[in-house]
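Peer 1: I have a structure here, written as C-alpha cells, and I will follow up with some questions on it.
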There are 2 protein chains.
Amino acid sequence: MATGYQGKILRVDLSTGRIWCEHPDDNFYRKYLGGWGFVAYYLLKELKPGIDAFDPSNRLIFAPGVYTGTQLSGSGRSAIGAKSPLTGGFGEGDVGGFFAVELVRAGYDALIVEGKAEKPVYLWIEDDHVELRDATHLWGRSTVETEEVLKKELGNEQVRFAEIGRAGENLVVNACIMQDLHHAAGRTGMGAVMGSKKLKAVAVRGSGKKAIHDQAKIRQVQQWLLDGGKERYQGLQDHGTDGGLTGLSQDGGLPTRNFQLGDFEEAEKITGKTMTDTILKDRGTCYACVVRCKRVVEVKEGKYQTDPVFGGPEYETVGSLGSNCGVGDLEAIAKGNAICNAEGLDTIGGGMMISFAMECFEHGLISEKDTGGLKLNFGNAEAMVKLLEMTCAREGIGDLLAQGYQACIDQWGPAAKKFAIEVKGQPLPMHEPRYKFGLGLGYAISPTGADHVHNIHDTAFTTEVGMGSVQAFGILEPLPANDLSPAKVRLMKYYTDFSLLKNMLGMCLFLPYDPNEMVEIIQAVTGWDTSLFELMKGAERGMAMARAFNAREGFRAKDDYLPDRFFDPFPSGPRKGVSHKRHEFRAALDTYYQMSGWDREIGAPTRAKYQELGLDWVAADLERYGAVAA
Amino acid sequence: MATGYQGKILRVDLSTGRIWCEHPDDNFYRKYLGGWGFVAYYLLKELKPGIDAFDPSNRLIFAPGVYTGTQLSGSGRSAIGAKSPLTGGFGEGDVGGFFAVELVRAGYDALIVEGKAEKPVYLWIEDDHVELRDATHLWGRSTVETEEVLKKELGNEQVRFAEIGRAGENLVVNACIMQDLHHAAGRTGMGAVMGSKKLKAVAVRGSGKKAIHDQAKIRQVQQWLLDGGKERYQGLQDHGTDGGLTGLSQDGGLPTRNFQLGDFEEAEKITGKTMTDTILKDRGTCYACVVRCKRVVEVKEGKYQTDPVFGGPEYETVGSLGSNCGVGDLEAIAKGNAICNAEGLDTIGGGMMISFAMECFEHGLISEKDTGGLKLNFGNAEAMVKLLEMTCAREGIGDLLAQGYQACIDQWGPAAKKFAIEVKGQPLPMHEPRYKFGLGLGYAISPTGADHVHNIHDTAFTTEVGMGSVQAFGILEPLPANDLSPAKVRLMKYYTDFSLLKNMLGMCLFLPYDPNEMVEIIQAVTGWDTSLFELMKGAERGMAMARAFNAREGFRAKDDYLPDRFFDPFPSGPRKGVSHKRHEFRAALDTYYQMSGWDREIGAPTRAKYQELGLDWVAADLERYGAVAA
C-alpha cells in the first residue's frame, strides 16, 4: 500500500443495510488515483447500462484523492459521482471544504453508497464505527437544520457533513450535495441521486492522521506556500473569485441575460470589490488553505436577509443569479445563494434554469399564466429569488424548472430550445465560449456536460506570464484566446487532462503548483517513483473511462456540441460580432478526438487507446455494446 | 539559449566549398533536442523527396545531443544521419566514443555536410577555424593509415576523427563511418553517403568546455555512478557486451546460421569470457565512462593476426561474424572485426550479407563458380574473413554483397529472397525475434529498418527486477517476453520512445538512469523546467518525423514487416516450435500504429498527431505528396 492512501474503501448498501470494506492493492491506487478516477472505475464496473439514475443500483461515490488531507493548501477537495439524472451520463461534482479530509482521517479512501433505504436514513461514520441511522425526522428540513439536529444527536460539534436539502429530496435534477452548509458538489445533480436513495446526510468524524511518505518535503512545500501566499493570493483573498467580474464584463466575457451578451451594465454593483465593501462579514476557507478565497456574507435588513452560516456567493453564483439573470442586486444574489445552500440546489444550474425561463418569458413563449403571476423579465431580482425556492420545492413553474430543459421545452414548445444553454443537458457555467474559445470546445468535450473545472481557461495562456504551468508539457509559446487552431487544441487537450488530474488527486485548481512541483508533491505523499508522464496518463485514463461510460449509455460524437447561440455573433458590447464558426469548431473537435485517440463516430477511445491506458477490461466490456470501433 | 547547447550548427557545402554557421533559437533545441531529432528535422526540411542517396543534395548530419560531453558516463554518443542508400529511407547510425564530444567542445551542436567535392577532401575543425583540405593522398587508404597521416599533417595527436575506409569510398551499402578506428556508426550505410560526397574524414579539435546549468548536480550524479559502478557494471566491464552470449545460446536466442537456429554448438568458444581468457589485451571505453564495456584484442600469431588499434568485437560482431556464419573461431572474428574497422564496414550488415550468401550456397542457389572458388558453407571462417575484404573492395562476389540483398536476389534468382533476413533492406542485428517478441515487432516498426538500439529488449521486463526503468511510465507489472499482447505493445511503444529519447539526448543505452533520473540530469544540464512528459513527447516527435520522412519517400504500412523466417518455428533447440504468428503480429502492429496515432495505410502520423507534436509544418509538407490521411 502506497503511503497517502488508507487502503480501505467503505461500502454501504442502503437496501440491505450491509456495510463493508474493500481493500484494493497498491496498483489499483496508482492506476486510478482517486476522485473522478474512482468514480469512473466503479460506475463502469458496477452499473448496468441503461439504468435510470434514480434506480437503487446507481452508485453514489464520495472520492477524495491522495492529496486530500495532506495539510497543504487546496487539499480539502474531493469528487462526488454517480450516473447523472441531469445528463443521463457520467455524473460528477467537485467540492472543497473539510468533509473529505474527515473521511480520510476516518480511514477511508472512498465511500460508495448503493441501494435505496426504505425510509430516510443518515450514515454515521466515526473511524471504524459505521452505522445507518434513521433520518425520518430530518426529511424535508434544510441543511442548516439537519446539521444542528445531528450535531446534538451525535453529541459532537466537530462532525463534518455531506447532506441534501429539499432539492435533493425532491429529485431536482440540478440538486447538489452540500458539505458543512457552504461547500457544494454542485454539478450533474448528485443531490438528487442522494435523495433518490433516501440518504439525507453522511456525518463523519475521524481521529486518524494521514500518513505521508516524506513529511519533510511536505513541510517545505507548506512553508513555500506560506511565504509566497500574501502576494500570490492577495486578489483572491481580498475579493474572492468574484474579484474579476468587472474586468470580465469590460472584456465582454461576462455571461449576461442567459448568455445573450458578454457585458453587464450593472457589473460594478455585483463585483467582488463591492461585496467586500458592503455585505462581506468574513473570509472563509477550505481545509488548511492559505488562499482563503471563500466569502462569508450577511444581510441583516430588508427583504433579502441572509444568514452568514451559508457562506457567500462565489463568482459562478454571482454570474448565474446576477448578470445572467440581469440582476444587479448583490443582496438578492446573496439571498439566492443562501437558499441554494439551505435547500441543496446548484447555484449554476438553478440560476441558469431561471435565466432560461426569463428569456422564454421575454420572447412570449411563456406568460404570467405559466409563472403563477411572476413577471419573469431579466433583472427581476425578486422573481429570481422566488424561483429558486419554487424549484427546490417543485412548486408551480418550479416543478418544471426542477426537471431540466427538456421538460420545459416539452411544455413550452420547441421554440424554447434555442434558449436552452446547455451541453448534454447540463447548463453552462459562467464562462462565455465566445470569450474563451478553448473552454467552449471543452464544454462540448466534457463527459459531464458543460463544465468549467476540467477544462481550460485559455485566456490565461495568451502571454508569457501564464506559460509556466504548461512549459513542462513542451508548450513553449503563448497562444491567442479567441482561436481554435490545432496548437490551441493541443494546449487544451494537455491542460484539460492536467485539470482532471488535479481532481483525481484531490487538489484545488487554484494552487500555484506547476506540473513538476505537483509531481514532486505526489512523490512525497506516496513514495511512488512516479512522473508527469505517468500522472498525465492517469488523467487520460480517467477521461477515457468517463467517455467510455457515456458511450456505453449511448452517447456518441454528435452529443459533443455547443449551443447554437455561440455560433451567432455578439450583437453588441466589447466583443460585438465575435462568434464561433461551425466548420472551425467541428474541425477542432475532430482534432481533439484524434489527439486523444478517440473514434470519430463513437466519441470514445479506440480499442488501442484503451489498451495503451491499461483499460483492456473497459474495451472488452464496451465491445458487448458495440461501443468500441473495430 | 539553454545551457548545454552551443547555439551553433556548422554547415558545409562540399560542392561550393562554403562553410557557415546557423544559430537556432532556444525553442528549436527544446523541441528537437539533438541526435536523431536533428537528423530528422534537417532531412525533412532540406531534402527533395525521391533523390538518390548518393545525390550531392543529400545531407550528412553529425548530431550530438545535449547530454553529449557532460563528463558523465555514457555521454560520448551521437547520431549520424542521411537518406540511406541501404533502405532508401531515413538513415541513421548511433555511435559512442570521443568524436562527438570534441565537436561539442569545438562549439557545435551539429555538423551538416551537403554537396559533393570534386576530388577527395577532409574537413578540419579547430574551434572556429574550419577548412576543407585535399584528401587525394588518403583515398583508398584504411582508417588507421588515414589517421596516422592526418595526425602528422595537422601536427596534433589529440585530434578526433570520423572517417571512412574503402567500403565507404566504394559506396558499399553497409559501409559505416568509423570514429577513432574502433567506434562505428554502423547502420544504414552512412559511410557510403560520406564516400559519395568524397569526404574522407572529419578531423576535429575543440578547446571549449561544455556549459552546464547545475554543475553541482552533475557532480553528484558522477559520484553516484562511480560509487555504484563496481557492482553495477562488473559483468559488462569484465566480459563486454559479449559476456551473455553463452546464456543466450542456452536460451535459444542466439542468431545462428543466418537466423535458422537460436543456439550455436560452439557458443562457448566465442563468448565474452573466452575472449577475456584468450585474446583480450585491454578494456576500452568511450568518453568519461565508468562502464568500460569496450574490448581491445590482439592476435599475434597465425592466420588471423589482429592489431589492437582496432579495439575488439562487441556482441553484435561476434554474433554476425561468428554464430550467424556458423563460425566458432574467435580469432577469425577478431580479424573480421579489424577488417571492418579498417575499411569502414558495418560488422552487422557485412556479416549478415555473408551468412545470407552461405545459406544460398548451401541451398545450391550459388556455387563455387559464383564465389570465385570459395566454399561458402556455414562455419568456413576463412571464407568469412575473405568475403569481408572482397565486400569492401567490391571484388568478385563481394561486389554483389556490397550492393545489398536485392542485387543478389536479382542475380541469384527469387529463391534467394527467403534467405534475405532484413527489414526495409537493412539486415537484422543479432537479436532473435522468436526469442524477443517485442523486439521483433520493433524491427518492423523502426524507420531505419531492422534495428536494436531504438527498440525494446523485452526479455528485461519479465521479472520485478527489470521494472524500475518503466514504472515511471505507469507500467507496474512484469510481462512475458514471448508475447505480443496489447500490454506488451504498450510497453514496447513507451520503451521504444524512451530508447529513441536517449539517442536524441546523446545518452548511451547502458546507463542505469531510470526515467526520472534522466529528467533530473537533463534539467541540470539545460536549466529547463522540463519533464518526462515533455521529453517523451520529444521522442514521439523524433519518431514521427522519421516516419514522415519515409512516408514522403513512398514507404507505407506494408513496408513494416518481419522476414518470413520468423513465422516458421525453430526446427530444433531450446525454443523448438516457437515462432511469431502472422495474425498476432499484424494485430500487434496495428495496435502499435493506433497507440502512436499513425494512419493504418500510410504508416505515419495522422494530421492531428503531427499537430499534437507541434509538427504542423511536416503535415503541410506531406499533404503535397498525399502522405497524410484526411
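The values are calculated or read from the model by the stated rules, or taken from the named source; none is laboratory data. Predicted model, so just to flag it, every value in this text is computed and none were measured. In this analysis, Cβ positions are derived from the backbone assuming ideal geometry, glycine residues included, and neighbour counts consider all displayed protein chains.
Peer 1: Helices (runs of 4 or more DSSP H) wholly in segment B:148-255 with at least 3 residues that are charged (D, E, K, R) - which ones?
Peer 2: B:215-239
Peer 1: I would also like to ask the following. From the list A:331, A:268, exactly one residue is more than 19 Å from residue A:187 (Cα to Cα), part of a helix (DSSP H, G or I) and in contact (Cβ under 8 Å) with a residue 40 or more places away in the chain. Which is it? So that I can check it myself, show each step before the final result.
Peer 2: On the way: A:268 fails: in contact (Cβ under 8 Å) with a residue 40 or more places away in the chain.
The unique qualifying residue is A:331.
Conditions tested, residue by residue: (1) of a type outside the set (S, T, N, Q); (2) in the same structural domain as residue A:534 (by TED's automatic domain parsing); (3) without any contact (Cβ under 8 Å) to a residue 40 or more places away in the chain; (4) in contact with a Phe, Trp or Tyr (Cβ under 7 Å, 6 or more places away or on another chain).
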residue	(1), (2), (3), (4)
A:585	yes, yes, no, no
A:589	yes, yes, no, no
A:596	no, yes, no, no
A:602	yes, yes, no, no
A:605	yes, yes, no, yes
A:614	yes, yes, no, no
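Peer 1: Please determine, by comparing only the residues of segment B:507-520 that are within 24 Å of the chain's Cα centre (by Cα) and within 18 Å of residue B:216 (Cα to Cα), which one is nearest to the other protein chains (Cβ to nearest Cβ).
Peer 2: B:519
Peer 1: For residue B:456, only one of the following conditions fails: (1) part of a loop (DSSP other than H, G, I, E, B); (2) surrounded by 24 or more Cβ atoms within 10 Å (Cβ to Cβ); (3) in contact with an Asp or Glu (Cβ under 7 Å, 6 or more places away or on another chain). What is its number?
Peer 2: Only one criterion is unmet by residue B:456, namely (3).
Peer 1: Can you tell me which residue in segment B:477-491 is surrounded by the most Cβ atoms within 10 Å (Cβ to Cβ), limited to those that are modelled with pLDDT of 95 or more and within 11 Å of chain A (Cβ to nearest Cβ)?
Peer 2: Among those that are modelled with pLDDT of 95 or more and within 11 Å of chain A (Cβ to nearest Cβ), it is B:489.
Peer 1: Just a yes or no: is a residue in segment A:571-582 assigned to a loop (DSSP other than H, G, I, E, B), more than 14 Å from every other protein chain (Cβ to nearest Cβ) and hydrophobic (A, V, I, L, M, F, W, C)?
Peer 2: yes
Peer 1: Turning to a different aspect of this structure: Can you say whether residue B:227 is under 25 Å from the mean Cα position of the chain (by Cα) and surrounded by fewer than 23 Cβ atoms within 10 Å (Cβ to Cβ), as far as the supplied structure shows?
Peer 2: no
Peer 1: Now for a different question. Going by the conditions given, is residue A:375 touching a helix residue (DSSP H, G or I) at 6+ places or on another chain (Cβ under 9 Å), in a loop (DSSP other than H, G, I, E, B), modelled with pLDDT of 95 or more and basic (Lys, Arg)? Walk me through how you get there before you give the answer.
Peer 2: On the way: touching a helix residue (DSSP H, G or I) at 6+ places or on another chain (Cβ under 9 Å): yes; in a loop (DSSP other than H, G, I, E, B): yes; modelled with pLDDT of 95 or more: yes; basic (Lys, Arg): yes.
Yes, satisfied.
Peer 1: Within segment B:584-607, track down each residue that is more than 25 Å from the chain's Cα centre (by Cα), more than 9 Å from chain A (Cβ to nearest Cβ) and not in a loop (DSSP other than H, G, I, E, B).
Peer 2: B:584, B:586, B:587
Peer 1: In segment B:526-555, what residues are among the aromatic types (Phe, Trp, Tyr) and either surrounded by fewer than 24 Cβ atoms within 10 Å (Cβ to Cβ) or more than 16 Å from residue B:626 (Cα to Cα) (or both)?
Peer 2: B:528, B:533, B:555
Peer 1: Looking at (1) closer than 30 Å to residue A:247 by Cα; (2) surrounded by fewer than 21 Cβ atoms within 10 Å (Cβ to Cβ), find the lone condition where residue A:588 falls short.
Peer 2: (2)
Peer 1: Got a number for residues in segment A:521-546 being outside any helix (DSSP H, G or I) and either more than 13 Å from chain B (Cβ to nearest Cβ) or in contact (Cβ under 8 Å) with a residue 40 or more places away in the chain (or both)? I'd like the intermediate steps shown before the answer.
Peer 2: To start, the set of residues in segment A:521-546 that are outside any helix (DSSP H, G or I) comprises A:527-531.
Next cut, either more than 13 Å from chain B (Cβ to nearest Cβ) or in contact (Cβ under 8 Å) with a residue 40 or more places away in the chain (or both) only: A:527-528, A:530.
Final tally of qualifying residues: 3.
Peer 1: Mind listing just one residue for me: the one in segment A:560-576 that is touching a Gly at 6+ places or on another chain (Cβ under 7 Å) and not basic (Lys, Arg) and, of those, surrounded by the fewest Cβ atoms within 10 Å (Cβ to Cβ)? Let's see the steps before the verdict.
Peer 2: Narrowing segment A:560-576 to residues touching a Gly at 6+ places or on another chain (Cβ under 7 Å): A:560, A:562, A:566, A:569-570, A:573-575.
Then keep just the ones that are not basic (Lys, Arg); that gives A:560, A:562, A:566, A:569-570, A:573-574.
On the way: A:560: 23, A:562: 22, A:566: 22, A:569: 13, A:570: 20, A:573: 20, A:574: 16.
If we take residues in segment A:560-576 being touching a Gly at 6+ places or on another chain (Cβ under 7 Å) and not basic (Lys, Arg), then A:569 is surrounded by the fewest Cβ atoms within 10 Å (Cβ to Cβ).
Peer 1: What residue, among those in segment B:152-175 that are of a type in the set (Asp, Glu) and over 17 Å from the mean Cα position of the chain (by Cα), is surrounded by the fewest Cβ atoms within 10 Å (Cβ to Cβ)? So that I can check it myself, show each step before the final result.
Peer 2: Here is the first cut: in segment B:152-175, the ones of a type in the set (Asp, Glu) are B:153, B:157, B:163, B:169.
Those still in the list that are over 17 Å from the mean Cα position of the chain (by Cα) too: B:153, B:157, B:169.
Details: B:153: 16, B:157: 7, B:169: 25.
In this case the residue turns out to be B:157.
Peer 1: Okay, moving on. So is residue B:607 buried (at least 16 other Cβ atoms within 10 Å of the Cβ) and closer than 30 Å to residue A:473 by Cα or not?
Peer 2: Against the criterion (buried (at least 16 other Cβ atoms within 10 Å of the Cβ) and closer than 30 Å to residue A:473 by Cα), residue B:607 qualifies.
Peer 1: Inspect all residues belonging to segment B:306-314 and state whether any of them is assigned to a helix (DSSP H, G or I), in the same structural domain as residue B:256 (by TED's automatic domain parsing) and not β-branched (Val, Ile, Thr). Write out each step before concluding.
Peer 2: Going residue by residue through segment B:306-314, those that are assigned to a helix (DSSP H, G or I) are B:308-310.
Filter again for in the same structural domain as residue B:256 (by TED's automatic domain parsing), leaving B:308-310.
Still in the list and also not β-branched (Val, Ile, Thr): B:308, B:310.
Looking through segment B:306-314, at least one residue is assigned to a helix (DSSP H, G or I), in the same structural domain as residue B:256 (by TED's automatic domain parsing) and not β-branched (Val, Ile, Thr).
Peer 1: Name, by its number, the condition in (1) buried (at least 23 other Cβ atoms within 10 Å of the Cβ); (2) in the same structural domain as residue B:102 (by TED's automatic domain parsing) that does not hold for residue B:180.
Peer 2: (1)
Peer 1: Just to be sure, is residue A:504 at negative phi, buried (at least 21 other Cβ atoms within 10 Å of the Cβ), part of a loop (DSSP other than H, G, I, E, B) and hydrophobic (A, V, I, L, M, F, W, C)?
Peer 2: Values: at negative phi: yes; buried (at least 21 other Cβ atoms within 10 Å of the Cβ): yes; part of a loop (DSSP other than H, G, I, E, B): no; hydrophobic (A, V, I, L, M, F, W, C): yes.
Taking the combined requirement at face value, the residue does not satisfy it.
Peer 1: Just one of the numbered conditions (1) surrounded by 24 or more Cβ atoms within 10 Å (Cβ to Cβ); (2) touching a strand residue (DSSP E or B) at 6+ places or on another chain (Cβ under 6 Å); (3) not acidic (Asp, Glu) is not true of residue A:59; which one?
Peer 2: In the conditions (1) surrounded by 24 or more Cβ atoms within 10 Å (Cβ to Cβ); (2) touching a strand residue (DSSP E or B) at 6+ places or on another chain (Cβ under 6 Å); (3) not acidic (Asp, Glu), residue A:59 misses (1) alone.
Peer 1: Now, a different point. In the list B:581, B:576, B:558, B:609, which residue meets the criterion of being charged (D, E, K, R) and under 16 Å from residue B:489 (Cβ atoms)?
Peer 2: B:581 is the lone residue from the list that is charged (D, E, K, R) and under 16 Å from residue B:489 (Cβ atoms).
Peer 1: Checking the condition away from chain B (no Cβ under 12 Å) and more than 24 Å from the chain's Cα centre (by Cα), which residue from A:448, A:462 passes? First the steps, then the outcome.
Peer 2: Details: A:448 fails: more than 24 Å from the chain's Cα centre (by Cα).
None of the others qualify; the one that does is A:462.
Yes/no per residue for (1) within 20 Å of the chain's Cα centre (by Cα); (2) within 16 Å of residue A:242 (Cβ to Cβ); (3) touching a residue at least 40 places away in the same chain (Cβ under 8 Å):
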| position | (1), (2), (3) |
| --- | --- |
| A:295 | yes, yes, yes |
| A:302 | no, no, no |
| A:306 | no, yes, no |
| A:309 | no, no, yes |
| A:315 | yes, yes, yes |
| A:321 | yes, yes, yes |
| A:325 | no, yes, yes |
| A:343 | yes, no, yes |
| A:356 | no, no, yes |
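Condition check ((1) within 21 Å of residue A:184 (Cα to Cα); (2) of a type in the set (S, T, N, Q); (3) surrounded by fewer than 24 Cβ atoms within 10 Å (Cβ to Cβ)) across all residues:
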{"site": "A:388", "(1), (2), (3)": "yes, no, no"}
{"site": "A:396", "(1), (2), (3)": "no, no, yes"}
{"site": "A:401", "(1), (2), (3)": "yes, no, no"}
{"site": "A:412", "(1), (2), (3)": "no, no, yes"}
{"site": "A:425", "(1), (2), (3)": "yes, no, yes"}
{"site": "A:437", "(1), (2), (3)": "no, no, no"}
{"site": "A:452", "(1), (2), (3)": "yes, no, yes"}
{"site": "A:462", "(1), (2), (3)": "no, yes, yes"}
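Peer 1: Here is a further query. Identify the single condition in (1) buried (at least 24 other Cβ atoms within 10 Å of the Cβ); (2) part of a helix (DSSP H, G or I) that residue A:447 does not satisfy, given that it satisfies every other one.
Peer 2: Of the numbered conditions (1) buried (at least 24 other Cβ atoms within 10 Å of the Cβ); (2) part of a helix (DSSP H, G or I), the odd one out for residue A:447 is (2).
Peer 1: Residue B:468 - would you say it is within 14 Å of residue B:562 (Cα to Cα) and either in a helix (DSSP H, G or I) or touching a Ser or Thr at 6+ places or on another chain (Cβ under 9 Å) (or both)?
Peer 2: Criteria not met by residue B:468.
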